[in-house]
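Take a look at the structure set out below.
Derivation of every value follows stated rules applied to the coordinates shown; laboratory data play no part. Quick caveat, the model's predicted, so the values are computed rather than measured. Don't worry about glycine lacking a Cβ; one is built from the backbone with ideal geometry, like all the others, and counts go over all protein chains shown.
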Amino acid sequence: MTKNETMLNWVGQMRELVQPDQVVWIDGSEEQLEALRAKACKDGDLIKLNQEKLPGCYLHRTALNDVARVEARTFICTKKEEDAGPTNHWKEPAETYQMLYDIARDSYKGKTMYVIPYSMGPVTSPYAKVGIEVTDSIYVVLNMAIMTRVGKEVLAHFGDTSNDWVRGLHASCDIDEEKRYICHFPEDNTIISVNSGYGGNVLLGKKCFALRIASFQGKHEQWMAEHMLILGVENPKGEVKYITAAFPSACGKTNLAMLIPPEGYRRKGYKVWTVGDDISWMRKGPDGRLWAINPEKGFFGVAPGTNQKSNPNALATVQKGTIYTNVALNLDNDTVWWEGLDKNPPKNGVDWMGRSWDGTTAEEKGAHPNSRFTAPAENCPCISKEFSSPAGVPISAIIFGGRRQKTTPLVYQSRDWNHGVFVGSIMASETTAAATGQVGVVRRDPMAMLPFCGYHMGDYFAHWIEMGEILGDKAPKIFNVNWFRQDENGKFMWPGFGDNLRVLDWILERCENSVDARETPIGYLPYAKDINTEGLDIEQENLEKILTVDCDEWLGEAAAIEEFYQKFGNKLPNELKKQLAELKERLSK
Ligand code: GTP
Ligand code: SPV
Ligand code: MN
């Protein structure tokens, strides 16, 4: 499929290492993929679902010890430890290659080596980048074929001479937790993942390439790889404005990207278009503005909580051509179920662990909290017509946000770009099931990139500041949101989901200078009257509450930020130190 010697040589080396019985290049054809689906069903890796109700849909269960990303086993392997920074786990590259090769050696014996050429981004986009993943897992092949552009056309466009592509080796081995490693070598465009079969650890185009490796590339090539959704808001005049938003894992990116406008907005003609739900690659375009592409081609979304009311577009998207991972199976009709789908769990079911399960009586969950769907973006009823545009879309606003019961208001605008970088750098969120470990504890997660930045986060902040200089007055405006404020009874104070458009509306008005705001020590907040609450069931008092800034709470926050900032030592840009000092000063006044 290619004459590119850099590719052929590397694939040859990998073959030599892992010793497969045969090698199959993925050409991207439907016939080849269909044959692999059939083989996966025969081997027990996939379960074919009801093809009338869910055409082209399959269920997969991972090993019980392998259900989420494992940050403790994820490494950035740069020559100098300092270059990985204090927020990444680091390993020395030469030793680590050796260790990983020892683990992977001969591990494909009796198996097939699949070689997946893929493109992150529309194949002809000047912003796209190419990778090759070799894997022994058909599940990985089928997921990559949904999540990225794969096959012949990628190689044909890439050509036979360039060496600018990312190497990715995945070896399932024994799914041994003790020998699980997800290692990145940003200095030589290489990723090696062993002993896992879970999405975020093994779909190497996604977090490994499109964030960890790409963030490193972006630093050196003056662009940005971010953990952000991309959406377009169309107003009644038919104008579309694009927004990106960075929220940590399982904090609402997919939901926001696909939101359905509240009734009043719909009547007026507002529409929301999805460009991406997880990752955004951005650079300065020919007109000086910041332009974004979604490097992916599908959605690897959280299943639990997805329903007709919370996210009808996602639900419509997963009705065909979808692979479900770790959800419950209904044996009566070969369909799937997860917590929060509807009030009718299967009586005759199988839970995510493969045990027989009666959802009407069982106390335990049917689907894992981090169970997922892999679905083609083209299925999505609100997919943007710019989805495959090689140039991407121009960005008006960048939003940061996290899951905070307290302190952080519903929305605020930063004072300017550098203050916006500060706002992103101090992001914090309660942890979720998307990564293994304790759930619900507040941790700092700058720009939602803590687990995904492929280099020193102090340098990453400096890169953000530099991008602001490059973009000048054409830079997007920066905001922060929090959909997750709770009252004393633990009840969400903001309805969220579709109603979040009311906040996006204010954000876009701010971008056009068409609405006033209230200056507070943390930034500009809306006047309650400027949030459109037509048709919304919210008490005025609650709205006021989530639009206030409690200076004492924020002084506590400032102290926590100061402590967090100490990690970065002399790599912390002076600009951010200055921003923190100024925040403290404004709060104490
Ligand atoms: P990753 O795929 O892990 O990056 O997650 P994500 O950021 O795309 O999160 P997703 O949209 O899948 O949402 C995760 C969880 O947050 C789901 O359980 C949603 O129901 C919940 N959620 C999303 N939006 C809102 C909201 O506006 N309000 C509330 N209360 N919950 C929300
Ligand atoms: C996330 O955890 O942010 C995800 C899922 O989008 S994974 O691909 O597992 O990283
Ligand atoms: Mn994500």
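Before moving on, here are some points about what is shown:
- Between S371 and A303, the built amide H atoms are under 5 Å apart, and every one of these is 5 or more places off in sequence or on another chain.
- Inter-centroid distance (Cα atoms) of the stretch 428-479 relative to the stretch 213-263, Å: 14
- Bridging of K79 to aspartates and glutamates at a Cα separation below 15 Å is possible for E92, E95, E187, D188, once same-chain residues fewer than 8 apart are set aside.
- Look at the alpha carbon pairs under 8 Å that are at least 6 residues apart: their mean separation over the length of the chain gives a relative contact order of 15 percent.
- Annotation: the antiparallel percentage among DSSP beta bridges lying fully within the chain is about 65.
- Under 26 Å from the Cα of K577 - lysines, other chains or at least 8 residues apart: K80, K219, K406, K474, K477, K567, K589
- Per-peptide packing, taken as the mean over residues of other Cβ atoms within 10 Å, places 44-54, 274-284 in the sequence 274-284, 44-54 from highest down.
- Here's the list of aspartates and glutamates a cross-link from K309 could span, going by alpha-carbon distance under 17 Å and ignoring same-chain residues fewer than 8 apart: E263, E339, D342, D499, D537.
- The relative contact order of the stretch 298-379, computed from alpha carbon pairs under 8 Å that lie at least 6 residues apart in sequence, is 43 percent.
- Part-to-part distance (alpha-carbon centres) for the stretch 3-76 and the stretch 156-189, which is given in Å: 14
- Percent of beta bridges antiparallel (DSSP, the stretch 150-211, rounded to nearest 5): 50
- Computed helical MRE - 222 nm, the chain, DSSP H runs ≥ 4 contributing -39500 (n - 2.57), nearest 500: -8000 deg cm²/dmol
- Taking the charge dipole of the chain about its Cα centre, with +1 at Lys and Arg Cβ atoms and -1 at Asp and Glu Cβ atoms, the residue from A397, T62, N489 reaching farthest to the positive side is A397.
- Residues T431, T407, T74, sorted so that the one with the fewest Cβ neighbours within 10 Å comes first: T407, T431, T74
- Per DSSP, loop GluC sites (Glu not before Pro) in the stretch 198-262 with at most 11 further Cβ within 10 Å: E239
- For the stretch 92-100, Karplus couplings with θ = phi - 60° (6.51, -1.76, 1.60), whole Hz, Gly/Pro x: 6, x, 4, 5, 6, 3, 4, 4, 5
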